[in-house]
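The values are calculated or read from the model by the stated rules, or taken from the named source; none is laboratory data. Please read these numbers as outputs of a predicted model, since none were measured by experiment. Reconstructed Cβ throughout: ideal geometry from the backbone, glycine too, with neighbour counts over all protein chains shown.
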Amino acid sequence: MGSIRVLPRHMRDLIAAGEVCERPSSVAKELIENALDAGAENITVWVERGGLGLLRVADDGIGMSPDDAALCFSRHATSKLPTDDLVGIVTMGFRGEALAAISAVSRIQLITKPRGSIEGTELIMEGGETVSQQPIGCPEGTNISVSDLFYNTPARLKFMKRDSAEASMVEGVVERAAFSHPEVSFRLYKDGKEVMHTPGDGNLLSAIYCIYGSEYATKLMPLKYDYNGVSVRGYTAKPTAGRGNRAMQFFSINTRPIKSRMLAACLDEAYKNAMPFGKYAFCFLDITIPYELVDVNVHPAKTEVKFVREKDVFDCVYFGIKSLIRGSAEVDLTQSASSEKEAVPSGQPASDITPPPAPEITPIESAPVSVTPAVPKEIKANAVFFPAPAPKDPVSEEEEPLPMVSAPSFSYQVEKKNDAPIEEPQDPLPSPTPSQETEEIPVQETFVKAPSYRYKCEVFHTYIIAEGENDLFVIDKHAAHERMLYEELLTHEGEPDSQLLLTPLVVKLARDEYSTLIAAFDELEKAGFEVEDFGSGSLLVRRIPLCLLGHDVSASLSEISTALSEGKHDKRLSVRERLLYSVACRAAVKGGEYTTEAELNALCERVLDFQDIRFCPHGRPCVFRIGKNEIEKRFGRLG
């Protein structure tokens with residue numbers, strides 16, 4: 001190891017800024033938290049060029065004096081810690097490093113005025129250095145503009161996504177702040193256009209409605225539950241309103257937005273047996289816990305926390321949702337069993353039904369649930385591998401259909417007399433003339449190679465059983481069809497089979513889903529989609545892959561986004577491969593769905609005649625073989 005030296009101040013500032021200022025959305029988060037700590041009732045955010053060109057946050061909070069304005073950009077200078085310890089932190093920020101880190105990698109204009117003052121202060125900074133400070137006339141509060149973000153760290157700029165994706169992440173930060181502080185009015189302007197405005201009336205449902213609309217607001221149940229010193233307030237989805245991923249699960253602790261795997265797992269457990277498998281509830285929940293029982297000083301981003309009594313937090317959310325689901329189920333059963341409509345106030349929270357104590361609630365998880373068996377859903381003929389059958393000849397309408405045989409298994413031969421050699425026919429044989437009818441002529445016969453298997457049946461509406469000469473084949477129809485669609489999509493790179501929609505479809509997505517798909521526009525186009533950014537977390541869909549006809553486009557895009565997000569760390573797969581995996585999985589026939597015998601025959605034929613279909617794109621087997629000898633051994637026929 002060489003000699004040790006102390007880095008210059010500007011180098012230390014740039015290194016430290018990397019933890020706090022990852023991208024424009026992290027800058028927006030820090031500035032909004034400062035505005036909330038300042039007691040703002042109205043917060044306005046402007047974004048230009050995804051926040052890299054300009055990111056401005058204005059509030060009507062308490063403002064700063066000229067001395068505090070000059071000091072706030074010093075590292076670890078803060079007014080939010082009343083004592084010298086980190087126990088019981090009640091403010092959003094407390095580390096005193098956000099403004100210093102932001103100023104080190106951008107150009108800043110700060111305009112602030114304390115309440116009751118005659119004049120305000122304007123402070124100009126560039127690269128962490130003060131350029132000018134002077135009095136100015138301005139409204140009360142603070143207005144801070146961050147421009148040319150990362151202008152002096154070009155390496156960081158290489159990792160930024162397109163402007164629309166970065167702006168979407170900023171919008172997600174504003175959304176989470178609006179959900180955790182419904183008493184504050186938020187406005188967001190993107191490239192001069194207002195894209196979000198919440199009323200700030202203190203009603204969380206109003207904020208949800210303004211941001212996500214009635215599609216989600218009408219599918220929520222109000223939750224209010226207290227348990228062992230912990231309370232949870234907010235809204236959670238009805239059991240019939242599941243989504244394909246967890247992108248719309250919003251949690252906050254003491255009004256601080258957080259990310260928690262523990263709370264996500266708690267939600268899954270609470271909805272177990274109440275929501276279909278593979279679906280996830282969306283929620284907007286705030287958990288209140290004594291400040292000294294939670295540690296928010298885990299990471300500079302302050303989105304990860306640790307609980308002193310984690311089990312109490314888990315139990316509070318779990319029991320609250322369980323009692324809410326049970327209450328809503330009892331109301332539904334009562335209304336369906338009685339012909340008279342009970343006078344139940346529509347605004348009454350279902351959780352007002354007094355839940356039993358925790359020990360009595362625990363057995364609910366294992367209680368039998370009455371489920372009405374679903375009628376198997378008939379799938380439509382797939383345009384790629386399940387073509388519609390050709391019309392039958394009226395004469396042979398009553399005859400049994402011939403077994404389907406793939407083209408590669410055909411073999412054409414001609415047999416001639418006098419031991420003539422067998423050869424491939426070049427031209428069709430001429431029709432015999434009347435004078436030749438009594439003569440012996442060579443006879444043309446076509447020998448068709450019979451398939452080495454016979455389709456037998458389908459079991460559980462999921463698996464296909466086929467019989468070979470000395471083997472029994474079991475085929476997973478979803479896995480096999482998924483692989484077939486994937487191979488078909490791969491062969492149409494650049495010219496995918498797609499369908500133009502008669503009416504363009506506007507798809508509203510969760511903010512993370514929207515950002516992921518915006519960044520993958522080029523790959524979506526190669527896969528057969530034609531989409532446009534419609535703003536406010538929505539996409540305008542004009543064209544979809546042909547294999548997705550008849551499917552829910554919104555759910556399909558949501559699942560594609562999940563696949564892209566979950567697989568982004570897998571370097572073995574490209575973005576296009578992950579996208580095609582998801583499209584094929586979504587379009588493939590599902591286990592449990594009704595499939596016609598012709599479709600089963602076609603699928604069985606393709607799987608057993610071609611060696612390229614043995615595993616689905618995710619690596620699961622499509623077919624396995626059971627030998628006749630093995631079966632006979634099981635029955636004791638062989639020693």
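A compact table of results
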quantity	calculated
Number of positions in region 125-147 that are of a type in the set (Val, Ile, Thr) and within 23 Å of LEU36 (Cα to Cα)	3
Single residue of LYS193, LYS161 found to be of a type in the set (D, E, K, R) and surrounded by 15 or more Cβ atoms within 10 Å (Cβ to Cβ)	LYS161
Residue in region 28-57 that is modelled with the highest pLDDT, counting only those that are touching a Pro at 6+ places or on another chain (Cβ under 8 Å) and over 16 Å from ALA98 (Cβ atoms)	VAL47
First in region 239-253 and over 16 Å from GLY537 (Cα atoms), second anywhere and among the charged types (D, E, K, R), Cβ under 6 Å, 6 or more apart	ALA241/LYS219; GLY242/LYS279; GLY244/GLU559; SER252/ASP286
Entirely in region 130-209, the strands (runs of 3 or more DSSP E) that have 3 or more residues that are farther than 30 Å from ASP67 by Cβ and either among the polar types (S, T, N, Q) or in contact with a strand residue (DSSP E or B) (Cβ under 7 Å, 6 or more places away or on another chain) (or both)	185-190, 193-197
Selection from region 472-519 of residues that are assigned to a loop (DSSP other than H, G, I, E, B) and closer than 12 Å to LEU580 by Cα	HIS492, GLU493, PRO496
Scan of region 472-524 for residues that are closer than 30 Å to ARG625 by Cα, within 24 Å of the chain's Cα centre (by Cα) and of a type in the set (Ser, Thr, Tyr), ordered by number	TYR486
